[in-house]
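Student: One structure is given below, represented as structure tokens, and several questions about it will come after.
The values are calculated or read from the model by the stated rules, or taken from the named source; none is laboratory data. Model, not experiment: these values are computed from the prediction. Surface accessibility is based on the protein's heavy atoms, side chains included, excluding ligands, DNA and RNA. Shrake-Rupley method; radii C 1.70, N 1.55, O 1.52, S 1.80 Å.
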Amino acid sequence: EARAHTDGLKHLALLTTTAAGFFRSRGWLPLDRGDLPEAVRQSSEVAGICPASAVCLGRRLEGKPASPP
């Protein structure tokens, strides 16, 4: 997250089959795959590698970078 913030990104998204609780406890929120940018939806991870059952989560980066856990 700190690197993404430093690189000027405003939003992050991830897919997980096992760690949704971990990320939710750190401020990540459920995100509909249909709300992902087109380029991300067409990525191999979203389009096929990750199963449909994978949870999609997103996070908006604000203020100063998050410190590593």
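Student: Give, to the nearest whole percent, the P(r) tail of the chain beyond 19 angstrom, counting all Cα pairs.
Tutor: So the pairs more than 19 Å apart make up 36 percent of the total in the chain.
Student: Can you pull the percent of the chain's accessible area that's carbon plus sulfur, 1.4 Å probe, other chains left in place?
Tutor: 56
Student: With contacts defined as alpha carbon pairs under 8 Å and 6 or more residues apart, what's the relative contact order of the chain in percent?
Tutor: 57
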